[in-house]
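**Q** Before we start, here is the structure in question, set down as structure tokens.
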């Protein structure tokens with residue numbers, strides 16, 4: 001068993017990188033987590049660190065080395081094989097003894113593959129960002145949204161957090177309804193209430209605005225969980241609207257029946273987002289919903305495919321079960 | 001006449017700084033424009049450069065020096081006398097011979113004072129940002145919006161430009177109506193149409209998204225003029241909605257009749273924004289609308305007040321007329 005074929009699937013997301021070491025039969029023999037692994041987000045050096053850390057941890061339990069790995073498949077947003085731009089990662093892998101093949105896949109393809117091996121189907125991912133894709137012949141055929149926090153990602157964690165921030169600011173500015181989100185956000189940010197006013201405006205509002213502009217805009221996504229935690233009509237309206245936006249994105253790529261893989265924290269929780277999502281989909285909701293944690297299993301599956309291994313739903317089931325042992 | 005009392009009003013805006021040199025009678029004897037003068041936006045050194053450049057140009061025509069100026073009143077967002085934080089500017093003025101008094105005012109107070117000397121009234125400014133204020137006893141008593149591009153500024157140039165960008169992105173993503181804004185924005189950004197697709201998405205959309213994220217978010221305000229130039233239902237809807245938001249901000253501070261000073265480029269043009277603004281105000285639109293170019297005249301007027309000069313509507317008329325000679 002020491003010399004069977006090994007593949008590595010890498011799922012490099014916005015906050016961490018996961019690596020799955022698998023045999024050709026889909027048995028996970030190692031799993032590791034590293035820092036952020038997308039060079040677009042953190043630059044090539046830090047991204048390679050994130051990937052290599054995850055890979056090293058995945059190799060450790062079986063005491064294997066990179067020289068024994070035939071294929072590494074790295075799934076991440078915005079990096080594709082056709083770009084021929086994987087040098088930032090290949091050089092580092094080769095420096096560690098890797099002499100196999102490196103392939104890139106979309107992170108959305110990895111999410112889909114965590115839930116299904118069908119050649120036709122859909123994936124919707126709503127984490128910090130949000131997008132929906134249609135898979136056909138094992139490749140992405142259509143994409144909706146995923147346009148980033150400034151231009152799209154409607155219904156995403158950022159979108160929800162941004163709406164939360166604006167609702168609180170409008171509450172304090174007496175330009176919108178009072179909401180329990182206000183106290184929650186102020187407490188979350190460590191801002192003490194201060195009723196004194198300057199130019200007719202409470203100091204609390206000034207401090208909140210300063211605090212929110214001091215961070216990068218994308219960090220507003222950190223306010224999204226507050227909307228899920230609080231029972232409040234304003235919060236519920238935001239969450240329902242998010243669910244509707246996500247349904248609209250999915251409908252934009254929908255052409256016929258198929259499995260629907262659902263990734264990311266926003267749709268994984270029961271509550272107003274998912275309720276509104278399902279309601280908005282209506283009859284289209286007859287889709288087979290397959291929730292997945294992330295794209296780690298799928299990255300492993302894509303690595304198996306890239307290595308020429310036969311991949312069936314049994315392979316996926318085996319990989320899911322054996323990856324679960326490690327986390 | 002060589003030794004009459006002189007005051008300097010400085011209006012430091014988002015893109016340039018204007019200085020008005022005035023006699024105690026409100027006769028402008030010099031006017032100058034410099035670079036950006038707000039230390040929050042560009043740091044204290046560059047801001048002081050912007051102010052000093054404008055001041056030097058204002059002194060030039062009459063060959064006066066800063067040592068002859070009794071009061072400098074600097075109007076800008078976020079700097080107020082009570083902050084006691086004017087050292088960045090006072091030191092530089094004193095280095096040029098100034099031995100008088102430096103006072104700070106809100107930029108909104110300067111805009112108001114460009115249009116009215118009444119102790120009670122309103123100002124609404126919609127340029128890159130947007131806010132409305134109520135003036136009472138010659139000071140700002142209530143403020144609505146002005147919360148910046150990420151959290152508010154509804155109806156502002158940024159708000160319009162952001163909506164334009166999103167409408168175009170949604171058009172190209174087939175997630176919203178077709179709009180003539182699309183060709184206009186692509187041409188404005190120098191992006192050639194490219195119908196080839198990747199993952200079901202036109203390359204044109206990818207390039208547009210890259211281009212928009214490469215700039216600072218606030219630069220989306222540069223797309224706002226396209227909405228004014230193009231006859232298109234999507235553009236008109238955006239502009240009308242901007243006008244409604246601006247009316248809502250004004251209504252939030254409205255308590256009774258008074259002059260309404262209107263500043264900034266968004267409301268200064270006739271068309272859908274102003275039409276929707278006036279319609280939304282309804283009966284409240286019986287307000288006396290006073291359009292002003294900027295806060296330069298008002299800064300001069302505030303400098304006169306700070307210097308103890310008597311200020312009447314005749315003083316304002318004189319200052320407006322004599323400033324106009326210089327620009």
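**Q** Which residues, taken from region B:249-282, are part of a helix (DSSP H, G or I), more than 23 Å from residue B:119 (Cα to Cα) and either more than 19 Å from the chain's Cα centre (by Cα) or modelled with pLDDT under 90 (or both)? Step through it out loud before you land on a result.
**A** Here is the first cut: in region B:249-282, the ones part of a helix (DSSP H, G or I) are B:249-253, B:265-268, B:272-282.
Then keep just the ones that are more than 23 Å from residue B:119 (Cα to Cα); that gives B:265-268, B:272-280, B:282.
B:265, B:268, B:272, B:275, B:276, B:278, B:279, B:280, B:282 - these are the residues of region B:249-282 that are part of a helix (DSSP H, G or I), more than 23 Å from residue B:119 (Cα to Cα) and either more than 19 Å from the chain's Cα centre (by Cα) or modelled with pLDDT under 90 (or both).
**Q** Right, next: For residue A:71, indicate whether it is part of a loop (DSSP other than H, G, I, E, B), buried (at least 18 other Cβ atoms within 10 Å of the Cβ) and away from chain B (no Cβ under 14 Å). Step through it out loud before you land on a result.
**A** On the way: part of a loop (DSSP other than H, G, I, E, B): no; buried (at least 18 other Cβ atoms within 10 Å of the Cβ): yes; away from chain B (no Cβ under 14 Å): yes.
No; evaluated as a whole, the condition is false for this residue.
**Q** Which strands (runs of 3 or more DSSP E) sit wholly inside region B:85-190 and have at least 2 residues that are facing another protein chain (nearest Cβ under 10 Å) and surrounded by 22 or more Cβ atoms within 10 Å (Cβ to Cβ)? Can you show your working first?
**A** Values: elements: B:101-105, B:121-126, B:130-136, B:139-145.
The qualifying strands (runs of 3 or more DSSP E) are B:130-136, B:139-145.
**Q** I'd like to verify a number: residues in region B:191-205 that are crowded, with 17+ Cβ neighbours inside 10 Å and part of a helix (DSSP H, G or I), how many?
**A** Qualifying residue count, region B:191-205: 2.
**Q** From A:303, A:317, which residue is closer than 19 Å to residue A:30 by Cα, surrounded by fewer than 18 Cβ atoms within 10 Å (Cβ to Cβ) and assigned by TED's automatic domain parsing to the domain that holds residue A:75?
**A** After ruling out the rest, the residue left standing is A:317.
**Q** What pairs come out if I take residues in region B:17-43 that are over 23 Å from residue B:304 (Cβ atoms) and pair them with residues that are not in a helix (DSSP H, G or I) whose C-beta lies under 6 Å away, six or more apart or interchain?
**A** B:40/B:78; B:42/B:36
**Q** Next up: Out of curiosity, is residue A:60 free of Cβ contacts under 8 Å to residues at least 60 places away in the same chain, buried (at least 23 other Cβ atoms within 10 Å of the Cβ) and assigned to a helix (DSSP H, G or I)?
**A** Taking the combined requirement at face value, the residue does not satisfy it.
**Q** Oh, and also: Select from region A:14-44 the residues that are surrounded by 24 or more Cβ atoms within 10 Å (Cβ to Cβ) and assigned to a loop (DSSP other than H, G, I, E, B) and list them in ascending order.
**A** A:26, A:37
**Q** On the basis of being within 12 Å of another protein chain (Cβ to nearest Cβ), out of contact with any helix residue (DSSP H, G or I) (no Cβ under 6 Å at 6 or more places or on another chain) and over 28 Å from residue B:138 (Cα atoms), does residue A:251 make the cut?
**A** In short, yes.
**Q** Among residues belonging to region B:191-211 that are within 33 Å of the chain's Cα centre (by Cα) and closer than 14 Å to residue A:144 by Cα, point out the one that is farthest from the other protein chains (Cβ to nearest Cβ).
**A** Restricting to residues being within 33 Å of the chain's Cα centre (by Cα) and closer than 14 Å to residue A:144 by Cα, the top hit is B:205.
**Q** Which residue, of A:215, A:242, is within 16 Å of residue A:161 (Cα to Cα) and either away from chain B (no Cβ under 12 Å) or buried (at least 17 other Cβ atoms within 10 Å of the Cβ) (or both)?
**A** None of the other options fit; the residue is A:242.
**Q** Shifting gears a bit: Do we have residue A:323 as more than 30 Å from residue A:6 (Cβ to Cβ), touching a helix residue (DSSP H, G or I) at 6+ places or on another chain (Cβ under 7 Å) and part of a helix (DSSP H, G or I) here?
**A** On the way: more than 30 Å from residue A:6 (Cβ to Cβ): no; touching a helix residue (DSSP H, G or I) at 6+ places or on another chain (Cβ under 7 Å): yes; part of a helix (DSSP H, G or I): yes.
No: the conditions fail for residue A:323.
**Q** Can you say whether residue B:253 is in contact with a strand residue (DSSP E or B) (Cβ under 6 Å, 6 or more places away or on another chain) and on the phi < 0 side of the Ramachandran plot, as far as the supplied structure shows?
**A** Against the criterion (in contact with a strand residue (DSSP E or B) (Cβ under 6 Å, 6 or more places away or on another chain) and on the phi < 0 side of the Ramachandran plot), residue B:253 qualifies.
**Q** Only one of these is within 15 Å of residue A:144 (Cα to Cα) and assigned by TED's automatic domain parsing to the domain that holds residue A:161: A:235, A:252, A:224, A:214. Name it. Before you say what the answer is, go through the steps one by one.
**A** On the way: A:235 fails: within 15 Å of residue A:144 (Cα to Cα); A:224 fails: within 15 Å of residue A:144 (Cα to Cα); A:214 fails: within 15 Å of residue A:144 (Cα to Cα).
Sole residue among the options that is within 15 Å of residue A:144 (Cα to Cα) and assigned by TED's automatic domain parsing to the domain that holds residue A:161: A:252.
**Q** Now for a separate question. Does at least one position in region A:275-289 carry a residue that is closer than 25 Å to residue B:151 by Cβ, without any contact (Cβ under 8 Å) to a residue 60 or more places away in the chain and assigned by TED's automatic domain parsing to the domain that holds residue A:128?
**A** no
**Q** Something else about it: Report, by residue number, each residue of region A:212-239 that is more than 20 Å from the chain's Cα centre (by Cα), outside any loop (DSSP other than H, G, I, E, B), under 25 Å from residue A:177 (Cβ atoms) and free of Cβ contacts under 8 Å to residues at least 60 places away in the same chain. Walk me through it before giving the result.
**A** Narrowing region A:212-239 to residues more than 20 Å from the chain's Cα centre (by Cα): A:212-215, A:229-238.
In the following step, the residues that additionally are outside any loop (DSSP other than H, G, I, E, B) were identified as A:212-214, A:229, A:233-238.
Retained after the next criterion (residues that are under 25 Å from residue A:177 (Cβ atoms)): A:212-213, A:229, A:233-238.
A:212, A:213, A:229, A:233, A:236, A:237 - these are the residues of region A:212-239 that are more than 20 Å from the chain's Cα centre (by Cα), outside any loop (DSSP other than H, G, I, E, B), under 25 Å from residue A:177 (Cβ atoms) and free of Cβ contacts under 8 Å to residues at least 60 places away in the same chain.
The values are calculated or read from the model by the stated rules, or taken from the named source; none is laboratory data. Here the structure is a predicted model, which means the values were calculated and not measured. Every residue, glycine among them, receives a Cβ derived from its backbone with ideal geometry; neighbour counts consider all protein chains shown.
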